[in-house]
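The values are calculated or read from the model by the stated rules, or taken from the named source; none is laboratory data. On a predicted model such as this, the values are computed, not experimentally measured, just so you know. Heads up, the Cβs are rebuilt from the backbone with ideal geometry, glycines too, and the neighbour counts pull from every protein chain shown.
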Amino acid sequence: MNAVDKRSLPRNASPPTGVKAEPPTGMKAEPPTGMKAEPPTGMKAEPPTDMKAEPPTGAKAEPPTGMEAEGYRALMRHQAGAVTVIATGQPGTRAGLTATAVASLSDNPPTILACVQRKASAHDIIVSSGVFSVNLLTTAQQDIAETFAGRRGARGEARFLAGTWATLASGAPVLVGALAVLDCRLVDRHDFTTHSIFIGRVLAGRWDEKGEPLLYFRNDFWDLTGR
Ligand SMILES: Cc1cc2nc3c(=O)[nH]c(=O)nc-3n(C[C@H](O)[C@H](O)[C@H](O)COP(=O)(O)O)c2cc1C
């Protein structure tokens with residue numbers, strides 16, 4: 001539904017038949033030259049000095065220091081997330097990691113973001129190759145999630161023995177049989193402490209109508225019906 005800004009309508013909203021609400025030709029909505037849209041001197045957009053946004057005495061706006069990492073991790077374990085594998089590189093030098101810190105950024109143009117720790121073996125290969133894929137896993141692919149999280153001992157190319165891998169548009173490896181794959185070109189990167197935020201322009205994708213998502217919640221893998 002289109003929202004209509006009633007503030008721009010006259011009090012009697014519907015103009016008489018045949019009369020148009022637009023100003024006559026030659027008349028402009030801008031203020032005449034010399035007239036400024038700013039409020040007159042003395043009138044400020046800020047709240048008056050005696051009006052304060054602070055909470056009442058006794059309530060604290062924020063703790064004096066931020067949370068510790070351990071408490072933060074305990075909190076974030078309660079954010080149920082889709083389990084993905086981020087994969088990159090060319091055959092022979094492929095690398096990948098299991099990741100939940102992935103989100104849609106925009107549909108115009110189609111872009112996603114992925115947060116990857118700089119020490120992950122795939123990190124520098126994403127930067128140098130300029131391509132990566134995000135593969136959303138199904139409940140049948142928990143083994144692949146464990147492998148790409150480094151829990152099975154395999155590293156680099158050896159991780160790709162788990163599952164069947166192909167390519168789409170970018171040349172990055174994409175997982176055959178994933179719930180959905182997003183094939184991306186790296187278009188931007190932001191560094192923040194231990195991680196990079198990679199922004200990928202989605203070039204191509206595929207999905208499986210029947211697959212069920214693999215989820216991660218409270219330090220464990222789940223499906224939509226339970227653990
Ligand atoms: C469920 C789950 C989610 C994870 N999410 C991320 C993530 O979003 N970003 C990240 O950098 N590492 C994440 N990790 C950790 C990496 O998968 C793990 O450190 C991996 O071993 C890094 O690759 P490397 O062994 O090649 O360095 C996650 C691990 C698990 C089990």
Residue by residue through the range 87-105, note down the ones that are surrounded by 12 or more Cβ atoms within 10 Å (Cβ to Cβ), more than 10 Å from the ligand (Cβ to nearest atom) and among the hydroxyl-bearing types (Ser, Thr, Tyr). THR88, THR93
Taking the residues in the range 63-79 that are within 14 Å of the ligand (Cβ to nearest atom) and part of a loop (DSSP other than H, G, I, E, B) as candidates, determine which candidate is surrounded by the most Cβ atoms within 10 Å (Cβ to Cβ). ARG77
Tabulated pairs, the range 216-227, first touching a residue at least 24 places away in the same chain (Cβ under 8 Å), second in a strand (DSSP E or B) and surrounded by 10 or more Cβ atoms within 10 Å (Cβ to Cβ), C-beta under 6 angstrom, 6+ apart or interchain: TYR216/GLY81; TRP222/LEU215
What about LEU137, is it more than 7 Å from the ligand (Cβ to nearest atom) and either under 21 Å from the mean Cα position of the chain (by Cα) or of a type in the set (D, E, K, R) (or both)? yes
Where residues in the range 148-159 are out of contact with any helix residue (DSSP H, G or I) (no Cβ under 7 Å at 6 or more places or on another chain) and hydrophobic (A, V, I, L, M, F, W, C), which of them is farthest from the ligand (Cβ to nearest atom)? ALA158
Taking the stated definitions as given, is SER196 touching a helix residue (DSSP H, G or I) at 6+ places or on another chain (Cβ under 8 Å), free of Cβ contacts under 8 Å to residues at least 40 places away in the same chain and within 11 Å of the ligand (Cβ to nearest atom)? no
Under 26 Å from ASP208 (Cβ atoms) and either in contact with a Ser or Thr (Cβ under 7 Å, 6 or more places away or on another chain) or of a type in the set (A, V, I, L, M) (or both) - does that describe any residue in the range 117-128? yes
List the pairs whose first member sits in the range 166-185 and is within 19 Å of GLN141 (Cα to Cα) and without any contact (Cβ under 8 Å) to a residue 12 or more places away in the chain, whose second member is part of a strand (DSSP E or B) and among the hydrophobic types (A, V, I, L, M, F, W, C), and whose Cβ atoms are under 6 Å apart, counting only residues at least 6 apart or on separate chains? ALA166/VAL174
Check on ILE112, at pLDDT 95 or above, among the β-branched types (Val, Ile, Thr) and within 12 Å of the ligand (Cβ to nearest atom): no
From the option list ALA145, ALA162, single residue qualifying as crowded, with 18+ Cβ neighbours inside 10 Å, hydrophobic (A, V, I, L, M, F, W, C) and within 11 Å of the ligand (Cβ to nearest atom) is ALA145
